[in-house]
Each structure stands twice: as structure tokens, then as C-alpha cells.
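Below is one structure; the comments refer to it alone.
The values are calculated or read from the model by the stated rules, or taken from the named source; none is laboratory data. Note that the structure is a prediction, hence the values are computed from the model and not measured. Neighbour counts are summed over all protein chains in view; Cβ atoms, including those assigned to glycine, are modelled from backbone coordinates with ideal geometry.
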Amino acid sequence: MVYIPAGRTHTMKQPLFLKEFDELPANYETQNNPTRPGYPSWVRFGRDEVWTLSPASILHTGGQVEDAENLIDSTCQSSTTFHGEGSYVTLDFGKNIAGTVSFHVDTLEGNDEAIGFTFTESSLWISAETCDATQDEGLDLPLWFNLTTAGMYEADKAHQRGGFRYMTVVHNATGTVAISNLTVHWIASPEMEDAAAYTGYFHSSSEKLNRVWYAGAYTNQLCSVDPTTGNSLGLPLAGWEYNYTISKIGVQKPADHDPDGTSVLVDGGKRDRLVWPGDIAISGPSIFVSTNSLDPIRNGIDSLMRLQQADGRLPYAGSPFNEFIGSKSNTTVFLWSFTYHCHTLNDIYDYYLFTGDLDYLSSYWNQYKLGVNYVLQFVDSTGLANVTSSADWLRVGMGGHNIENAITLASIMNDTSNSTNWTTSANGIPPAANALLWDDETKLYWDNDTQKVLHPQDGNAWAVLSGVANGTRAAAISDSLEGRWIRPYGAPAPEGGVTISPFVSGFEIQAHYKVGRADRAVELIEMMWADFMLDDPRMTNSTFIEGYSNDGSLAYPAYQNDPRVSHAHGWATGPTSSLSFLGAGLQLTTAVGQTWKIAPALGGLESLKSGYQTPLGNFSVSWQNTSCAFLGVIETPEGSSGDIELPVALPWTKLSLDGSNGTTEIDVTNESTISVKDLAGGTYIITIS
């Protein structure tokens, strides 16, 4: 249901933390601002550090190169000299970055001299001859600079690389070139004046979870790009450039990173650099709880809504995806996906929930209703949506009464109370899905009722999230999904073939939390995102990959060309929002948190603290779970109200709630959970002992 607050109170206060919490790990740096307790070193930049990045180390060299170590210090006045063909230096930035390269030519001897650069996100594709890939057709070729004289050389904005950890400097002529002052100008998240100015934070007793939360936030920064530098589809392998305008351009000022500039949220930093509504469904909430930099989300939604057809259809992806597909057959196409259509509608709801921007919601309300009514026509006499569109995130087995599509539809239906038809359709989905699609042998739903060949990860996760499956059936789904995990790689998505999908697994995490298995959610995040997706040496150790094979190979079945896979993909950042909303328990129940619910689920963690901001003010929690007591401090804005739901363990018997109006004590003997309703916003200290 869309809730319209009658009014808002704007207060900005600092969160209160439990002083008894352990010190931060040694490899974390505490900032002066106590509301931001420790950024990993790879996201903690000062303003000057953000805009100019230098390599962290030299990985290896080839040919005849003198003083290669000078390249890793941009302030060094000494040169690195390349002699003859085949001389190169591979540099490691220590993290996935994005930007434009620049360097100074100190001396130049020879004719037709050139310096080239290759880029790759993964160590698998380091080469002095090619980059990793943005196309299925092959590997991208180096970015070449033809050298005519000594002086500074810099790539223009269109020749940025949207994601790379490793850069190889290549000399391919017979002469000698000496260079210095090699740097990369950071060009991602252009809407942020300070790329480390996170308004949200997360810290727990699990260092793995801490790293995952911040890696998710950082991944989404790489996926927030200048709207004039979009689209990697159809680019040539030689002379590639990002120069397509994928969203409207706001007021631009001369400085590249002026905060009044615009940015748009795309799927991946390297590729496809397009707006995809399904990706926003995961990356949008994770942006909200971390940077709260929402302009890229809004611009992405705008670009999709401008493409809505007169009959209500919303695009599968933003421009120029349809043009690219049509060019293959010299036809005009409008690709449509039932699920991605629904994701766009959910993206609008989420944006309103996070901002409370009623004017924005009103501007799209007629289009929103048109979009809902368009998908309702597919609900037939069975009560389910009869879907035949094949476009989706990669999944196979579409057709018939599809559970994933049906459940996505159910999640939309609760967004309004203005239509009896919507409510009737929503109410009909759970009994129909349970009658037609439930498989009591596997304790999972079939993908559809016409080809009962697989039990999808996405559909079963959504069945739990939407309430189609509840009680023992929902718990059984959690058990069955966990039973399919492929250790040490993660949770499989059989609907996508031999695929592990961080996108769909983000919804599975939410499902485990919802059925009360926070321990299972924590275990999956630590195994799949921390141990594999961060720590595997083929990964970037800073951002999250788009997908991979269930044997652990970095072969994503969507592509014929393995180096094409994106290692900074926003749809893989689900744990960031889940840890804040469901782990820490900070949930908005109406727009901007005018009403809220605090329901922590630590999942075996000893401590957890998290917070974020809305236009109302700060929302924060601190939890500590000891053998003697469960301790907490919560802060919500004045003028808001909400409920608290807390776990109770034996032999605890008393809850003490200390707020501005005094202390309330509640007997919790023999209770497993305790709820306190209708609390006024403010600061409360909680003890259960």
C-alpha cells in the first residue's frame, strides 16, 4: 500500500551507540564522525584521493623496461623508460576502479611511437595485447596514444574504462619512450562531491559481513555513471568508447565532478552500461542504506518511463537496447519482459518509500496504473499470470503459469488500495500457486504448470517474500534451498542453467531472513559473497561479479565470451540492504520512515550496529548479544512512530525499555519474541536479561 504522510518533521541527530561494543578491527580506520564507524581502506578516500588514483603495486614487467617502480608514485619526478617493441608493465590498483588514464611523456626517441593501455577487472585476463571484453565477438584492443612530442596525454571522457583493477602499459614501437606521472582520474558516481560521504554504515562482529556491506556500496558507485557515457553494446573491439546518452542530462557545470551534475544507475561499470529495471530492484535499496545518493536511481527510472508504450508496456531495458537488438535484423523492436515490467513498477515504489517525493510519484501515477493494468490482463481463470514472454534475467523454462512472474505480480498488488480488481487478482494468486505449482516431494514450487522440469531459485524465494508460501511451507522452502547450496561457491539458480546468480541469491537471502533463519542468511553471505566473490584471487576483492558457473569457473552462461562478464554489477549487491533492513532490523513501513519497524535478526552475531538517513532524519541501531543479556540502543526521528520486535532466549525473563519518558519493564518469561507497539520516535536503550 502506498502511504502518503500527512507531514514530516525534519531532525538530524547523531546516533547513540553502546559504549561496551568491542573495538573495531585493526584493519579498519575509524573516522572522526562517530556515525560512520570504519570504512575499509578501498572505499575510504579524501576528495583529492578520489579524483586522482595511482597504482598500488607492480604485478610484472616484460621486455626492456627501466625503473618500473616509478609508475606507482604519481609524485615521483623520475621516469619509467620503455625500450623497443614488447616492453610493458602490468599495474595493480588493488581494487576495481573506473576512470580516464593520463601520463606525462618525458622523452621520446624514434618514429611512430605509441603507448597503449589494456584493462581488466579479473586477473584471469591480464594481457599486454588485449583488454577483457565488452562484446561476445572478442577481446577489446588496447587504448592507444600516438606520441608526437613530450608533454601530458590524457584520455577523454568517452575513452574512460568503466571497471578495471589491472592496467598494463604497453610500448609497441622500436624506439624509446620515458613516461611519468601516470594516474587515473576517477569518473564514477559523478553526482557525489565526496565519494566516501556515506550517510549509512554497518559494522558487526563478522569482518566478512562488514567487507561485503561496503563492497556492495562501492560496487553501486562504479555503476553510477555520467549519462552521456552509457552503452557498451555493439562497440568495435578497436577504438571502443562510451559516448551514448542513456538518460536526460541535468545542469552540468564545468568541473567534472560538480555535485550539481547528473548520474544514472546502470547494470555494470564496464558493461552493459545500460539501465535495467531488475538490477535497480537490488541496487536501489543498497544505495539507499549506504550512500543515499538517489539521483542515479531517479534518472534511471525516468529513462524507462519515457519508453512506456501506449498500451502500458514498460521496456525490458533502457535505450539503446531495443535499437541494438533491432539492428541485428534491420527491424524495429520493443522487447518486453513480464518480470522486468513489474520490477520497474516496484522501483517507483521503492524510490517513493526512500524519498517521500509525492510530486514525483504523482507525475507517474497514471503511467503506473496503466502498467499494473497491462500485466493484469495475463491473469487467467487459474488465478495465475499466463506468461509467454521469454525476456528475463537469463532464466530458462518460461511459459505457462510461471511462479516467478506470478509472485512478482503479487508483490506489486499491495502497492495500492485504489482498485478492487488489483486486490482481487492479488488475493487469487496464493491459492492458485499452491494448488498448481507446489511439489510436496521437494518442498519447492515448480517453475510452471506446463513443463514441470525444474524448481527455480527465483520463484521459490519470491514465494516466501510475497507471502504466497508461509508458515511451515515457507520454512520448508528455506530448508530445500539451503540443501541445494554448492559449497564453496554459493546458491544455484537452475532456471539459468549451470548458474550461480548473485542477483537471484540476493532474494534468497531475504527469504531466509523472513522465515527466521538469519543464521542461514549470514552463512550464505559469508560463504558466497565474502569467501568466494571477494577473496577468490580471480575476483577484484572490492566489487561483486555479475554471475558465474556452479563449478566455480567464471563462465557466465549468458555470454559466449567469458572475459565479458562484469565484475562490478549492481544486481549482486543484495546483502548490503538485507544486512541493514533485516539483519540490523531497520525497516521503513511507510514513506521516509514516518512509521517503522525495528526487528533485529543477528543470526549468531555477537554484535551489530547500522544506520541510514531519510528526509526525516537518522535511523540507527546498536545490538550486542551476550550470554548474560541482549543489549540495544535504537534511534528514530522525532515525530515518527513504530514497533519493536525482539528475540527472547532462555533464561531471560525481563525487558527494560529506557526512553525519554522513563523506564518500562515487561515480563518476557517463556516468550520467544516480544513486541512493543506504537513507540514514539526517539532514542531508547533496551536490555533483555
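Each row is one residue, and each column tells you yes or no for (1) under 26 Å from PRO285 (Cβ atoms); (2) within 16 Å of the chain's Cα centre (by Cα).
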position	(1), (2)
ASP535	yes, no
ASP551	no, no
PRO575	yes, yes
ALA591	yes, no
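Pick out the one residue from VAL504, VAL453, VAL468, VAL522 that is more than 27 Å from HIS569 (Cβ to Cβ) and touching a residue at least 60 places away in the same chain (Cβ under 8 Å). First the steps, then the outcome.
Details: VAL504 fails: more than 27 Å from HIS569 (Cβ to Cβ); VAL453 fails: touching a residue at least 60 places away in the same chain (Cβ under 8 Å); VAL522 fails: more than 27 Å from HIS569 (Cβ to Cβ).
The unique qualifying residue is VAL468.
Residue check, ALA188 against (1) without any contact (Cβ under 8 Å) to a residue 40 or more places away in the chain; (2) in a loop (DSSP other than H, G, I, E, B), all met but one. Which one?
(1)
Take the residues in the range 47-66 that are part of a strand (DSSP E or B) and within 26 Å of ASP156 (Cβ to Cβ); name whichever of them is modelled with the lowest pLDDT. Before you say what the answer is, go through the steps one by one.
Taking the range 47-66 first, the residues part of a strand (DSSP E or B) are 52-53, 57-66.
Now restrict to residues that are within 26 Å of ASP156 (Cβ to Cβ): 52-53.
Values: THR52: 89, LEU53: 94.
Step by step, filter the range 47-66, then rank; the result is THR52.
It is to be established whether one or more residues within the range 344-351 are crowded, with 22+ Cβ neighbours inside 10 Å, hydrophobic (A, V, I, L, M, F, W, C), within 24 Å of ASP267 (Cα to Cα) and modelled with pLDDT of 75 or more.
Yes, the conditions are met somewhere in the range 344-351.
Would you please name the residue that is nearest to PHE119 (Cα to Cα), looking only at residues in the range 134-178 that are in contact with a helix residue (DSSP H, G or I) (Cβ under 9 Å, 6 or more places away or on another chain) and part of a strand (DSSP E or B)?
TYR166
Go over the candidates TRP529, TRP596, TRP571 one by one and state the one that is more than 24 Å from PRO488 (Cα to Cα) and of a type in the set (A, V, I, L, M, F, W, C).
Working: TRP529 fails: more than 24 Å from PRO488 (Cα to Cα); TRP571 fails: more than 24 Å from PRO488 (Cα to Cα).
Exactly one of TRP529, TRP596, TRP571 is more than 24 Å from PRO488 (Cα to Cα) and of a type in the set (A, V, I, L, M, F, W, C), namely TRP596.
List pairs: first residue in the range 585-608 and modelled with pLDDT of 95 or more, second residue charged (D, E, K, R) and not in a loop (DSSP other than H, G, I, E, B) anywhere in the structure, Cβ distance under 6 angstrom, at least six positions apart or on different chains.
GLN587/LYS597; LYS597/ASP643; ALA599/GLU645; GLY603/ASP519; GLY604/ASP519
So the check is Cβ under 8 Å with 6+ separation or different chains; which pairs have a first residue in the range 558-579 that's more than 19 Å from THR199 (Cβ to Cβ) and a second one that's of a type in the set (Asp, Glu) and part of a helix (DSSP H, G or I)?
So the pair list comes out as HIS569/ASP279; TRP571/ASP279.
Filter the range 442-460 for residues that are closer than 22 Å to MET527 by Cα and assigned to a loop (DSSP other than H, G, I, E, B) and give the result. Give the derivation first.
Of the range 442-460, the ones closer than 22 Å to MET527 by Cα are 456-458, 460.
Once the filter is applied, which keeps residues that are closer than 22 Å to MET527 by Cα and assigned to a loop (DSSP other than H, G, I, E, B), the range 442-460 yields only PRO456.
Looking only at the range 187-246, filter to residues that are closer than 16 Å to SER542 by Cα and of a type in the set (D, E, K, R); which one of those is surrounded by the most Cβ atoms within 10 Å (Cβ to Cβ)?
Top of the filtered list is ARG211.
Do you know which residues across the range 67-109 are among the acidic types (Asp, Glu) and in a strand (DSSP E or B)? First the steps, then the outcome.
So in the range 67-109, the residues among the acidic types (Asp, Glu) come out as 67, 69, 73, 85, 92, 106, 109.
Residues satisfying the conditions are GLU85, ASP92, ASP106, GLU109.
Please enumerate the residues belonging to the range 285-298 that are crowded, with 24+ Cβ neighbours inside 10 Å and within 27 Å of GLY234 (Cα to Cα).
Those that are crowded, with 24+ Cβ neighbours inside 10 Å and within 27 Å of GLY234 (Cα to Cα): PRO296, ILE297.
Considering each of VAL169, VAL212, VAL225 in turn, give the residue that is touching a Ser or Thr at 6+ places or on another chain (Cβ under 7 Å) and either farther than 17 Å from PRO296 by Cβ or in contact (Cβ under 8 Å) with a residue 24 or more places away in the chain (or both).
Sole residue among the options that is touching a Ser or Thr at 6+ places or on another chain (Cβ under 7 Å) and either farther than 17 Å from PRO296 by Cβ or in contact (Cβ under 8 Å) with a residue 24 or more places away in the chain (or both): VAL225.
Within the range 607-646, track down each residue that is among the β-branched types (Val, Ile, Thr) and in contact with an Asp or Glu (Cβ under 9 Å, 6 or more places away or on another chain). Quick ask: steps written out before the conclusion?
The first filter runs over the range 607-646 and keeps only residues among the β-branched types (Val, Ile, Thr), leaving 614, 621, 626, 633-634, 636, 644.
Result: VAL621, THR626.
Among ASP279, ASP302, ASP311, which is the only one that is within 18 Å of PHE354 (Cβ to Cβ), more than 16 Å from the chain's Cα centre (by Cα) and either surrounded by fewer than 24 Cβ atoms within 10 Å (Cβ to Cβ) or of a type outside the set (A, V, I, L, M, F, W, C) (or both)? Please lay out each step first, then the result.
Numbers: ASP279 fails: more than 16 Å from the chain's Cα centre (by Cα); ASP311 fails: within 18 Å of PHE354 (Cβ to Cβ).
That would be ASP302, the only listed residue that is within 18 Å of PHE354 (Cβ to Cβ), more than 16 Å from the chain's Cα centre (by Cα) and either surrounded by fewer than 24 Cβ atoms within 10 Å (Cβ to Cβ) or of a type outside the set (A, V, I, L, M, F, W, C) (or both).
Scanning the range 461-490 for residues that are outside any helix (DSSP H, G or I) and modelled with pLDDT under 95, which turns out surrounded by the fewest Cβ atoms within 10 Å (Cβ to Cβ)?
Within the range 461-490, the subset outside any helix (DSSP H, G or I) is 467-470, 484-490.
Okay, now just the ones that are also modelled with pLDDT under 95, so 467-470.
Values: GLY467: 16, VAL468: 26, ALA469: 29, ASN470: 14.
Filtering first and then ranking leaves ASN470.
Check the range 320-342 and report whether any residue there is among the polar types (S, T, N, Q), crowded, with 18+ Cβ neighbours inside 10 Å, in the same structural domain as LEU222 (by TED's automatic domain parsing) and modelled with pLDDT of 95 or more.
No, because not a single residue in the range 320-342 is among the polar types (S, T, N, Q), crowded, with 18+ Cβ neighbours inside 10 Å, in the same structural domain as LEU222 (by TED's automatic domain parsing) and modelled with pLDDT of 95 or more.
Does VAL522 satisfy the condition of being surrounded by fewer than 24 Cβ atoms within 10 Å (Cβ to Cβ) and not aromatic (Phe, Trp, Tyr)? Don't jump to the end; show me each part of the working.
Details: surrounded by fewer than 24 Cβ atoms within 10 Å (Cβ to Cβ): no; not aromatic (Phe, Trp, Tyr): yes.
So VAL522 fails the test.
Just to verify a result, which residue in the range 398-439, among those that are touching a helix residue (DSSP H, G or I) at 6+ places or on another chain (Cβ under 9 Å) and assigned to a loop (DSSP other than H, G, I, E, B), is modelled with the highest pLDDT?
SER419
Taking only pairs six or more apart or across chains, which ones have beta-carbon atoms under 7 Å, a first residue in the range 642-662 that is among the basic types (Lys, Arg), and a second residue that is in a loop (DSSP other than H, G, I, E, B)?
So the pair list comes out as LYS654/VAL668; LYS654/SER689.
Suppose we keep only residues that are aromatic (Phe, Trp, Tyr) and closer than 15 Å to GLY216 by Cα within the range 525-552. Which one would you say is surrounded by the most Cβ atoms within 10 Å (Cβ to Cβ)? Even if it seems obvious, please write down each step before you answer.
Of the residues in the range 525-552, the ones aromatic (Phe, Trp, Tyr) are 529, 532, 544, 548.
Add one more test, that the residue is closer than 15 Å to GLY216 by Cα, and what stays is 529, 532, 544.
Working: TRP529: 29, PHE532: 20, PHE544: 31.
Checked the range 525-552; the qualifying residue surrounded by the most Cβ atoms within 10 Å (Cβ to Cβ) is PHE544.
Do we have LEU108 as buried (at least 16 other Cβ atoms within 10 Å of the Cβ), over 29 Å from THR543 (Cα atoms) and not assigned by TED's automatic domain parsing to the domain that holds THR540 here? Walk me through how you get there before you give the answer.
On the way: buried (at least 16 other Cβ atoms within 10 Å of the Cβ): yes; over 29 Å from THR543 (Cα atoms): yes; not assigned by TED's automatic domain parsing to the domain that holds THR540: yes.
Considered against the rule, which asks whether it is buried (at least 16 other Cβ atoms within 10 Å of the Cβ), over 29 Å from THR543 (Cα atoms) and not assigned by TED's automatic domain parsing to the domain that holds THR540, LEU108 comes out as yes.
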